[in-house]
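Q: Sharing a structure below in structure tokens format, with a few things to ask.
The values are calculated or read from the model by the stated rules, or taken from the named source; none is laboratory data. Since we're looking at a predicted model, the values are computed, not measured. Cβ coordinates were reconstructed from backbone atoms using ideal geometry, including for glycine residues, and neighbour counts include every protein chain displayed.
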Amino acid sequence: MTSPLVKAFFDPATYTVTYLVSDSATKSTAIIDPVLDFDPKSGRTTTKSADEVISYVQAEGLKVEWILETHVHADHLTAAPYIKEKLGGKIAIGAKVPLVQETFKKLFNENSQFATDGSQFDALLSKGDVIKIGNIEGSVMETPGHTPACVTYVFGDAAFVGDTMFMPDFGTARCDFPGGDAETLYNSIHAIMDMPDETRIFTCHDYLAEGRDEYAWESTVGEQKAKNVHINKNISKDEFVKMRSEKDKTLNMPVLILQSVQVNMRAGHMPTPEANGISYLKIPVNGV
């Protein structure tokens, strides 16, 4: 099985991991889940996190073929358009992203100019689609449950699972966002666990589980099946759904959910500037 090179960049402000997955022979690479820094107090964006990725790509002489989103993130803004401007590549996301766009178009009362067909992205990827980086062929798995449009990207022995699951000591994603579903997530995770035990699992976040001193984001299918505290080979679907549903009721919303979704459902672009040249993000009052 092919083993691509993987380089991780951890953003402590949002606990997000951005990945570079590369073919060493051709220097072709894909960037997965890049972060745009955002200060909610000032409403200002900066590009420190993305610039770190860009500097590494340039220093290593890599060629960016794809900028891949695992889903419409609710905890950070994507830097995909900025990275595309600097490095090239096609911005892609799961083909079911219109389901997310339709939901949030209503919540944010977007006008008719906001399309809900995914056309803001360069490519919409479905189950079984092939993504090439040099000599390495990646594939797309549809892994909904956290959101209806979540996908997992598999390149050789490396699977990039987004928010579907976390490190074994932290568990799994929440399912209480619009279109989320615990039973669906259970099925998605078991599809991931059907891959060979040695498959490397790369998660989109780490929140430093109690008792662990260092952030971590890489595990294996075998470790997840044996040790995941929420979903492993000994936990039934009914047990998981009950646990996930009860736990989700205790969770606060992510700090940047309202800002992030408005930007990320546009493939990282800000809303159209108003007459004064400034873009605005809406905060629904008592709307969620």
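Rundown of residues vs (1) over 23 Å from Ser279 (Cβ atoms); (2) basic (Lys, Arg); (3) without any contact (Cβ under 8 Å) to a residue 60 or more places away in the chain; (4) touching a helix residue (DSSP H, G or I) at 6+ places or on another chain (Cβ under 8 Å), yes/no style:
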residue	(1), (2), (3), (4)
Asp23	yes, no, no, no
Lys27	yes, yes, no, yes
Asp39	no, no, yes, no
Thr45	no, no, yes, no
Asp51	no, no, yes, no
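Q: For region 168-180, indicate whether the set of residues that are without any contact (Cβ under 8 Å) to a residue 60 or more places away in the chain, in a strand (DSSP E or B) and surrounded by fewer than 20 Cβ atoms within 10 Å (Cβ to Cβ) is non-empty.
A: There is no residue in region 168-180 that is without any contact (Cβ under 8 Å) to a residue 60 or more places away in the chain, in a strand (DSSP E or B) and surrounded by fewer than 20 Cβ atoms within 10 Å (Cβ to Cβ).
Q: Being of a type in the set (Gly, Ala, Ser), surrounded by fewer than 11 Cβ atoms within 10 Å (Cβ to Cβ) and part of a loop (DSSP other than H, G, I, E, B) is true for just one of Ala275, Ala267. Which residue is that?
A: Ala275
Q: Test Met165 against the criterion of being closer than 30 Å to Lys27 by Cα, in contact (Cβ under 8 Å) with a residue 12 or more places away in the chain and under 12 Å from the mean Cα position of the chain (by Cα), and give yes or no.
A: yes
Q: Among strands (runs of 3 or more DSSP E) lying entirely in region 1-57, which contain 3 or more residues that are at pLDDT 95 or above, buried (at least 20 other Cβ atoms within 10 Å of the Cβ) and of a type in the set (Val, Ile, Thr)?
A: Ranges flagged: 16-22, 28-32.
Q: Quick check on my filter: what residues within region 233-264 are of a type in the set (Gly, Ala, Ser) and either within 17 Å of Leu107 (Cα to Cα) or assigned to a loop (DSSP other than H, G, I, E, B) (or both)?
A: Ser236, Ser260
Q: If you don't mind, there's one more thing I want to ask. Can you pull out every residue in region 228-250 that is at pLDDT 95 or above and loosely packed, with under 13 Cβ neighbours inside 10 Å?
A: Ser236, Asp238, Lys242, Glu246, Lys249, Thr250 - these are the residues of region 228-250 that are at pLDDT 95 or above and loosely packed, with under 13 Cβ neighbours inside 10 Å.
Q: With respect to Thr184, is the statement that it is of a type in the set (S, T, N, Q) and touching a helix residue (DSSP H, G or I) at 6+ places or on another chain (Cβ under 9 Å) true?
A: no
Q: Right, Gly222: part of a loop (DSSP other than H, G, I, E, B), surrounded by fewer than 19 Cβ atoms within 10 Å (Cβ to Cβ) and not charged (D, E, K, R) or not?
A: Here the answer is no, as Gly222 does not meet what is asked.
Q: Please list, ordered by first then second residue, the pairs with beta carbon atoms under 9 Å, 6 or more apart or interchain, first in region 232-247 and aliphatic (A, V, I, L, M), second in a helix (DSSP H, G or I).
A: Ile235/Tyr186; Ile235/Met243; Val241/Ala182; Val241/Glu183; Val241/Leu185; Val241/Tyr186; Met243/Ala182
Q: Also, I was wondering about something else. Would you pick out the residues in region 58-78 that are in contact with an Asp or Glu (Cβ under 8 Å, 6 or more places away or on another chain), in a loop (DSSP other than H, G, I, E, B) and under 18 Å from Met270 (Cα atoms)?
A: The answer is Glu69, His71, His73, His76.
Q: Would you be able to tell me the number of residues in region 263-278 that are in contact with a helix residue (DSSP H, G or I) (Cβ under 9 Å, 6 or more places away or on another chain) and over 19 Å from Cys150 (Cβ atoms)?
A: The qualifying residues number 3.
Q: Name the residue that is farthest from Lys227 (Cα to Cα), counting only residues in region 181-205 that are in a loop (DSSP other than H, G, I, E, B) and touching a strand residue (DSSP E or B) at 6+ places or on another chain (Cβ under 7 Å).
A: Cys204
Q: Does region 87-94 include one or more residues that are surrounded by fewer than 18 Cβ atoms within 10 Å (Cβ to Cβ), out of contact with any Asp or Glu (no Cβ under 7 Å at 6 or more places or on another chain) and free of Cβ contacts under 8 Å to residues at least 40 places away in the same chain?
A: yes
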